[in-house]
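The values are calculated or read from the model by the stated rules, or taken from the named source; none is laboratory data. Please read all numbers here as calculations on a predicted model, not as lab measurements. For neighbour counting, all protein chains shown are included, and Cβ atoms are generated from backbone atoms with ideal geometry for every residue, glycine included. Just so you know, the surface numbers come from the protein's heavy atoms only, side chains and all, with ligands and any DNA or RNA stripped out. Shrake-Rupley method; radii C 1.70, N 1.55, O 1.52, S 1.80 Å.
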Amino acid sequence: MNYDDLADLYDRQYDLYRDDLHFYAGLAERAGGPVLEVGAGTGRVTTFLARRGADVTGLDPSARMLERARARAQEQGLTVEFVQGDAQSVRLSRRFALILAPFNALMHLYTPAEQLAALENLRAHLAPGGAFAFDLYVPRYGEMNTLRHEGETFHGPDGSRTDVFLVQRRDRVRQHVTTEYHVDTTAPDGLLRRRHFTLTQRYYTRYEVEWLLRCAGFEAPRVTGSFQGGPLEESSEVMVFQTRAR
């Protein structure tokens, strides 16, 4: 999945998302060593950790996303290392006390072979006793094959208005959900411009993830249904995993 074209929309959609920040900041503080964030995107989590004193490296395959992440860090006066690469093949010279994959980063590993390759490679980048934590959406989605507006409206400084509509389609056999975004920007003079983006993610079930972690050499994980540590329940929106290398 190439996020280059999605970078601007992604920032608008998720720049103010805060649910996970203090959870990952707490893990980084307790780790007491270097941190690797997988799927750093535009630096939302990376810079938050860096502002709190973490020695953090951000990894992402998208050059455009990393361009925005570096600009964000520079604006905040932060020194952060960002690396372009993917979790399956990256080779870094250092080992990390903590590796994070926030906000569904692992949902871009589409097959078991890709998933195991990435998890084994991340385990190899952990320092002895290092921890691995990540979160994934619970696979519960809205109405399929229906165009809908979920309240995402952005107003530009020039008086323009941008509305985000989406259609989702699910491939149950491959456990893929594909979201097609229709982004409508209306200029002050009424001229409408539509852009189209497609995002495909691979969703997981809880016990599938637990077995993947064990196969990749990790301990049985602690699994919660929120960043505050509550149990995973039917109503949970996220699955949060914490584990260590065996």
For region 52-66, which positions are in a helix (DSSP H, G or I) and either buried (at least 21 other Cβ atoms within 10 Å of the Cβ) or without any contact (Cβ under 8 Å) to a residue 60 or more places away in the chain (or both)?
Ala63, Met65, Leu66
Would you be able to say whether some residue in region 122-139 is open to solvent by 40 Å² or more (accessible area, probe 1.4 Å), part of a loop (DSSP other than H, G, I, E, B), of a type in the set (Gly, Ala, Ser) and closer than 26 Å to Val35 by Cα?
no
State whether the residues of region 146-168 include one that is in contact with a helix residue (DSSP H, G or I) (Cβ under 9 Å, 6 or more places away or on another chain), in a strand (DSSP E or B) and exposed (fewer than 15 other Cβ atoms within 10 Å of the Cβ).
yes
Of the conditions (1) open to solvent by less than 40 Å² (accessible area, probe 1.4 Å); (2) part of a loop (DSSP other than H, G, I, E, B); (3) in contact with an Asp or Glu (Cβ under 7 Å, 6 or more places away or on another chain); (4) not charged (D, E, K, R), the single one that Ala220 does not satisfy is (1)
Answer with yes or no whether Glu233 is open to solvent by 20 Å² or more (accessible area, probe 1.4 Å), of a type outside the set (Val, Ile, Thr), in a loop (DSSP other than H, G, I, E, B) and free of Cβ contacts under 8 Å to residues at least 12 places away in the same chain.
yes
Within region 198-217, residues being in a strand (DSSP E or B), in contact (Cβ under 8 Å) with a residue 24 or more places away in the chain and open to solvent by 30 Å² or more (accessible area, probe 1.4 Å) number 1
Every residue in region 169-189 that is part of a strand (DSSP E or B) and of a type in the set (Val, Ile, Thr), please.
Val177, Thr178, Thr179, Val183, Thr185, Thr186
List every residue pair whose Cβ atoms lie under 9 Å apart, where the two residues are 6 or more positions apart in sequence or sit on different chains, the first residue falls within region 31-51 and is over 14 Å from Ala101 (Cβ atoms), and the second residue, located anywhere, is of a type in the set (Val, Ile, Thr) and not in a loop (DSSP other than H, G, I, E, B).
Pro34/Val56; Pro34/Thr57; Thr47/Val56; Ala50/Val56
Qualifying positions in region 76-115 - touching a residue at least 40 places away in the same chain (Cβ under 8 Å) and in contact with a helix residue (DSSP H, G or I) (Cβ under 6 Å, 6 or more places away or on another chain):
Phe82, Ala87, Ala97, Leu98, Ile99, Leu100, Pro102, Leu109, Gln115
What's the number of the condition Ala71 fails, among (1) touching a Phe, Trp or Tyr at 6+ places or on another chain (Cβ under 9 Å); (2) surrounded by fewer than 19 Cβ atoms within 10 Å (Cβ to Cβ); (3) assigned to a helix (DSSP H, G or I)?
(1)
Taking region 93-121 as the search range and keeping residues that are assigned to a helix (DSSP H, G or I) and of a type in the set (D, E, K, R), which one is least open to solvent (accessible area, probe 1.4 Å)?
Glu114
Taking the stated definitions as given, is Thr224 in contact (Cβ under 8 Å) with a residue 24 or more places away in the chain and touching a Ser or Thr at 6+ places or on another chain (Cβ under 9 Å)?
no
Picked from region 9-30 (must be without any contact (Cβ under 8 Å) to a residue 12 or more places away in the chain and either acidic (Asp, Glu) or over 22 Å from Tyr181 (Cβ atoms) (or both)), the residue surrounded by the most Cβ atoms within 10 Å (Cβ to Cβ) is Gly26
